[in-house]
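One structure below.
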Amino acid sequence: MDVGIVGKPNVGKSTFFNAVTLGGAEIANYPFTTIDSNMGATYVTYKCPCKELNIKCLPQNSKCIDGTRLVPLKIIDVAGLVKGAHSGRGLGNKFLNDLSRAETLIHVVDASGSTDIEGNPVLVGSHNPLEDIEFLEEEIDLWFFGILNDNWFRFARKVSSGHHDFSKIVAEQFTGIGISEINVINALRETKLDTEKCMHWKEDELLIFAKSLRRISKPITIVLNKVDIAPPENIKALKEKLGNVFTVSAEAELVLRKAAHAGLLKYVPSGASFEVTGNLNDKQKEALNRIKGFMEKNSGTGVQNAINEVVFNILGKIVVYPVEDESHMKDGKGNVLPDAYLMERGSTPRDLAFRIHTDIGKNFLYAVNARTKMRIKDDYELQNGDIIKIVSAAR
């Protein structure tokens, strides 16, 4: 599962990426600082059972900070999109192809209005961020439209002949982009377009279908960045217009994570505050006081909350903890609560078995709820935070 960070140039995408990965993406105040996409590992945060069970965990595939489990996932920082990207402008084709690996997109928007539509610096508040949101979604929608339109008549004729399934043949057009037949079926339900007449769809109908398919297959979450310097009226207007958006300061998050990494403070991503643990100079104290004031107003920096929203609520993932010894919550090597896996909502114990290892899945016998020590049904839907023992046949 990959999450893609998108946006026009110079809005803070690389800062956001560095904040959530502590990576080394170059940061500068000019367009196209990011020429190649950066890939890194970030985390979704969820409560670790160690606090509930009063045990000391020893994570192997994840981290635990004071009872908060950090479960890894991949994230992509894609170079800034500009108008005309779908037709190749500004290295647009390369950038859009980079997006093909992502299941969902986080659109980082300069809420301060201090960059124009091309990403060039302008006076704070002089540019309307709504224009950025509209143009970026339009570019990605037109990218989808272009893929469909290039071969539409040829495969529409195949569908009309009655020998080819519409959903399957459309999904095949997006091979490598992660579009499933279910995505196509849901887009048809949403648009109510008649596939029997697909040969006669007009261009605007095809565009409507392309937009629906994009929304369903690559949903976009809006993240308003630079809110610490944004005019209050900008934030108010954006929230009224957009509804569910996240207000963040990627720069504040980056400062906190670097300081925590250096041992200067104690900070848990998604936390609403931090605790100073090291010696700070006056400049560092002043910077952290500004960040503290922002966090008090915003209930944190907002960055990790945006990642969590995307993973849990947009993509519908859950966190499950597999163990081999349900009495002591250990694996075969004695590690307590060793692993945390992100699973699809609706997954079963057998799905978890296959996720752990193919052989375990093939030889799956049954599963046990480690909390209750009771066997669970094969069709039981795993829940967020479940601790599960998988029993498989000896090989």
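The values are calculated or read from the model by the stated rules, or taken from the named source; none is laboratory data. Keep in mind it's a predicted model, so treat the numbers as computed, not measured. Here Cβ is always computed from backbone atoms with ideal geometry, including for glycine, and neighbour counts include all displayed protein chains.
Details
- Residue pairs meeting the criteria (Cβ under 7 Å; at least 6 apart or on separate chains; first at positive phi, in the range 263-288; second assigned to a helix (DSSP H, G or I) and surrounded by 15 or more Cβ atoms within 10 Å (Cβ to Cβ)): 270/304; 270/305; 270/308
- Cβ-Cβ contacts under 9 Å between residues 6 or more apart (or on different chains), taken from a first residue in the range 127-148 that is in contact (Cβ under 8 Å) with a residue 12 or more places away in the chain and of a type in the set (Gly, Ala, Ser) to a second residue that is assigned to a helix (DSSP H, G or I) and buried (at least 18 other Cβ atoms within 10 Å of the Cβ), are listed as 146/86; 146/210.
- So residue 168, is it in contact with an Asp or Glu (Cβ under 6 Å, 6 or more places away or on another chain) and among the basic types (Lys, Arg): yes
- Condition met for residue 293 (on the phi < 0 side of the Ramachandran plot and modelled with pLDDT under 95): yes
- Screening 218, 226 for residues that are buried (at least 20 other Cβ atoms within 10 Å of the Cβ), charged (D, E, K, R), at positive phi and touching a residue at least 40 places away in the same chain (Cβ under 8 Å) leaves exactly one candidate, 226.
- Restricting the search to helices (runs of 4 or more DSSP H) fully inside the range 270-386 and requiring at least 2 residues that are among the basic types (Lys, Arg) and more than 30 Å from residue 225 (Cβ to Cβ) gives 349-356.
- Of all residues making up the range 310-354, the number that are closer than 24 Å to residue 106 by Cα and in contact with a helix residue (DSSP H, G or I) (Cβ under 6 Å, 6 or more places away or on another chain): 2
Here is a yes/no grid of residues against (1) at pLDDT 95 or above; (2) of a type outside the set (Val, Ile, Thr); (3) surrounded by fewer than 17 Cβ atoms within 10 Å (Cβ to Cβ):
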position	(1), (2), (3)
342	yes, yes, no
347	yes, yes, no
372	yes, no, yes
376	yes, no, no
380	yes, yes, yes
383	yes, yes, yes
386	yes, yes, no
389	yes, yes, no
395	no, yes, yes
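- Within the range 221-230, restricting attention to residues that are part of a strand (DSSP E or B) and in contact with an Asp or Glu (Cβ under 9 Å, 6 or more places away or on another chain), the residue that is farthest from residue 309 (Cα to Cα) is 225.
- Evaluation of residue 190 against (1) of a type in the set (D, E, K, R); (2) over 21 Å from residue 314 (Cβ atoms); (3) surrounded by fewer than 20 Cβ atoms within 10 Å (Cβ to Cβ) (one fails), failing number: (2)
Results for (1) assigned by TED's automatic domain parsing to the domain that holds residue 355; (2) under 25 Å from the mean Cα position of the chain (by Cα), shown as yes or no for each residue.
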position	(1), (2)
247	no, yes
250	no, yes
258	no, yes
264	no, no
267	no, yes
300	no, yes
324	yes, no
330	yes, no
336	yes, no
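- Count of the range 355-386 residues which are among the aliphatic types (A, V, I, L, M) and in contact with a helix residue (DSSP H, G or I) (Cβ under 6 Å, 6 or more places away or on another chain): 2
- Subset of the range 123-132 that is crowded, with 16+ Cβ neighbours inside 10 Å and out of contact with any strand residue (DSSP E or B) (no Cβ under 6 Å at 6 or more places or on another chain) - its residue that is farthest from residue 237 (Cα to Cα): 124
- Selection within the range 83-114 - at pLDDT 90 or above, outside any loop (DSSP other than H, G, I, E, B) and either crowded, with 23+ Cβ neighbours inside 10 Å or not polar (S, T, N, Q) (or both): 105, 106, 107, 108, 109, 110
- Residues within the range 231-258 that are buried (at least 22 other Cβ atoms within 10 Å of the Cβ) and part of a loop (DSSP other than H, G, I, E, B), tallied: 2
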